[in-house]
Amino acid sequence: MLFHYIIQALFVLVGLLAILAAVFNWDWFFTAQNSQFIVKNVGRRQARLFYAALGCLMIATGVFFFLSVRGIA
């Protein structure tokens, strides 16, 4: 059961990281090799929107799994 909580926490933390990077426009995040594909194809502004939406989706997934493991959802 502890493993489930660790995975859920990782989803929430990664989601928060993506949202914070999008809100504060962190240069190190958007110049990283992994995010360059999105930035080059759609531009930095749309990449920020994409990562903000992705962060919200990751947080929602973590919360959903938390509720489903608890038997609430």
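If you scan the stretch 20-58, which residues turn out to be touching a residue at least 40 places away in the same chain (Cβ under 8 Å) and either among the acidic types (Asp, Glu) or surrounded by 18 or more Cβ atoms within 10 Å (Cβ to Cβ) (or both)?
If the condition is that a residue be touching a residue at least 40 places away in the same chain (Cβ under 8 Å) and either among the acidic types (Asp, Glu) or surrounded by 18 or more Cβ atoms within 10 Å (Cβ to Cβ) (or both), then 55, 58 are the ones that fit.
Looking at the stretch 45-57, can you tell me whether even one residue there is of a type in the set (Ser, Thr, Tyr) and at pLDDT 95 or above?
Scanning the stretch 45-57, I find at least one residue that is of a type in the set (Ser, Thr, Tyr) and at pLDDT 95 or above, so the answer is yes.
Among (1) assigned to a helix (DSSP H, G or I); (2) out of contact with any helix residue (DSSP H, G or I) (no Cβ under 8 Å at 6 or more places or on another chain), where does residue 29 come up short?
Condition not satisfied by residue 29: (2).
Under 26 Å from residue 1 (Cα atoms), free of Cβ contacts under 8 Å to residues at least 12 places away in the same chain and of a type outside the set (Asp, Glu), is that true of residue 64?
For residue 64, the condition - under 26 Å from residue 1 (Cα atoms), free of Cβ contacts under 8 Å to residues at least 12 places away in the same chain and of a type outside the set (Asp, Glu) - is met.
The values are calculated or read from the model by the stated rules, or taken from the named source; none is laboratory data. What you see is a predicted model; the values in this text were computed from it and never measured. Note that each Cβ is placed from the backbone with ideal geometry, even for glycine, and that neighbours are counted across all protein chains shown.
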